Amino acid sequence: MDKQRILQYKTSFDRIAQHIVNEDYSEQVEVWFARDLQLILGYARWENFVVAINRAVESCKTQGIDVEDHFREVTKMVELGSGAKREVIDFMLTRYACYLIAQNGDPKKEEVAFAQSYFAVQTRKAELIEERLLLLSRLETRDKLRAVEKQLSQNIYERGVDDKGFARIRSKGDTALFGGHTTEDMKQRLGIQSNRPLADFLPTLTIAAKNLATEMTNYNVESKDLTGEQSITSEHVQNNKSVRDMLAQRNIKPEELPVAEDIKKLERKAASEEKKIEKTTKKLPKK
């Protein structure tokens, strides 16, 4: 997501924020209304959006948090096309409630992905939102690589290749992707401990490249009905070479990209931030 899109989304979410005064008039509480949020998150039908709200409420309950502190059902009058008015159900939501709704929304929607970071960052400065979006993108890409490698391992096990064979296949794929540099070579170049996965320290682009090559191998192993370590190795090496060639057309050499922050550290950071969201969110005033 580029900076212009981030600023556009931020402006939209800022615009629908409202403020109410708490019961002793000591401070204002920032709130959003679900009907406004529904439109910005790209949900055409209220009924579909209510599904995400209900999931968020259940998530709140599961964590032992008082739902009334963050979700409040209200009614409002809306004008119909004919000029008449009718009463509809809405929800008043805190920042934490909006975050839970985004977490339980459709992750394929770009607006939902943005909202997950927008409501997680307390000050909601554009640069902090962008930083968190990049962090989540790298975590998501790494998770996809884990999943597709697990799928390949299971796939080729059924075709006569054991765990050691899978390790050799993956290593030769790395050598092809990194222009002749082995997995261990790359760990030494980047200063990574030998017992840590290389992918935990690669930038998002390189992880995505490994992901694409592995997806291609999975697909062709099945479509070509490949069996045995030799034929699958050849397939995986060729796919990594193809991905490398594609990157080279854009003057990108994977082996020359800088080391990225340890993915485990980022996972701990993201988990820690999520634990703080509810604690730093001002609660709705008592009824």
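We did not get these values from a lab; they are worked out from the coordinates using the rules stated. Note that the structure is a prediction, hence the values are computed from the model and not measured. Heads up, the Cβs are rebuilt from the backbone with ideal geometry, glycines too, and the neighbour counts pull from every protein chain shown.
Given a Förster radius of 25 Å and the C-beta distance between Met1 and Asp225 as r, what FRET efficiency does 1/(1 + (r/R0)^6) yield to the nearest 0.05?
0.05
Report, in deg cm²/dmol and to the nearest 500, the calculated mean residue ellipticity at 222 nm for the chain, where each DSSP H run with n ≥ 4 adds -39500 (n - 2.57) and the sum is divided by the residue count.
After summing the helix terms and dividing by residue count, I get -19000 deg cm²/dmol.
How long are the semi-axes of the ellipsoid equivalent to the range 3-119, from square roots of 5 times the Cα gyration tensor eigenvalues, in whole Å, largest first?
Taking √(5λ) for each Cα gyration eigenvalue gives 20, 20, 17 Å.
Could you work out the percent of alpha carbon pairs in the range 67-197 separated by over 24 Å, rounded to a whole number? Can you show the working numbers first?
Working: 5007 of 8515 pairs.
It works out to 59 percent of all Cα pairs.
Using DSSP to call loops (not H, G, I, E or B), can you name the GluC sites (Glu not before Pro) in the range 113-162 whose Cβ has at most 16 other Cβ atoms within 10 angstrom?
Values: sites: Glu127, Glu130, Glu131, Glu140, Glu149, Glu158; in loops: Glu158.
For GluC sites (Glu not before Pro) across the range 113-162 that sit outside H, G, I, E and B with at most 16 neighbouring Cβ atoms in 10 Å, the list reads Glu158.
Scale the Cα Rg of the chain by the rule-of-thumb value 2.2 N^0.38 Å and send over the ratio, two decimals.
Here the answer is 1.27, to two decimals.
Using r as the Cβ-Cβ distance of Thr75 and Asp143, and R0 as 41 Å, what FRET efficiency do you calculate, to the nearest 0.05? Kindly include the intermediate steps, with their values, before the conclusion.
Numbers: r = 41 Å, r/R0 = 1.00.
Calculated transfer efficiency: 0.50.
Give, in nm to one decimal, the length gained when the segment between Lys125 and Lys283 is fully stretched (0.36 nm per residue of separation minus the Cα-Cα distance).
Working: separation 158, 0.36 × 158 = 56.88 nm, distance 2.14 nm.
Stretched fully, the Lys125-Lys283 segment lengthens by 54.7 nm.
Counting other Cβ atoms within 10 Å, which trypsin sites (Lys or Arg not before Pro) in the range 214-281 have at most 11 and lie in a DSSP loop?
Qualifying residues, ordered by number: Lys224, Arg250.
List the GluC sites (Glu not before Pro) in the range 20-126 that DSSP assigns to loop (not H, G, I, E or B) and whose Cβ has at most 14 other Cβ atoms within 10 Å. Which are they?
On the way: sites: Glu23, Glu27, Glu30, Glu47, Glu58, Glu68, Glu73, Glu79, Glu87, Glu110, Glu111; in loops: Glu23, Glu27.
Sites meeting the loop and neighbour criteria: Glu23, Glu27.
Straight-line reach from Lys276: which lysines fall under 28 Å, measuring Cα to Cα and dropping same-chain residues less than 8 apart?
Partners found: Lys3, Lys10, Lys61, Lys108, Lys109, Lys125, Lys144, Lys264, Lys265, Lys286, Lys287.
In nanometres, what is the gap between the two model label sites at Gln63 and Thr11, each 7 Å from Cα along Cα-to-Cβ?
3.1 nm
Using alpha carbon centroids, what distance separates the range 146-220 and the range 1-78, in Å?
41 Å
Take the eigenvalues of the Cα gyration tensor for the range 198-262, scale each by 5, and report the square roots as semi-axes in whole Å, largest first.
Those come to 25, 13, 9 Å.
So if R0 is 51 Å, what FRET efficiency would Lys264 and Val88 give, r being the distance between their Cβ atoms, rounded to the nearest 0.05? Please report the intermediate quantities before stating the final value.
Working: r = 46 Å, r/R0 = 0.91.
The pair Lys264/Val88 has a calculated efficiency of 0.65.
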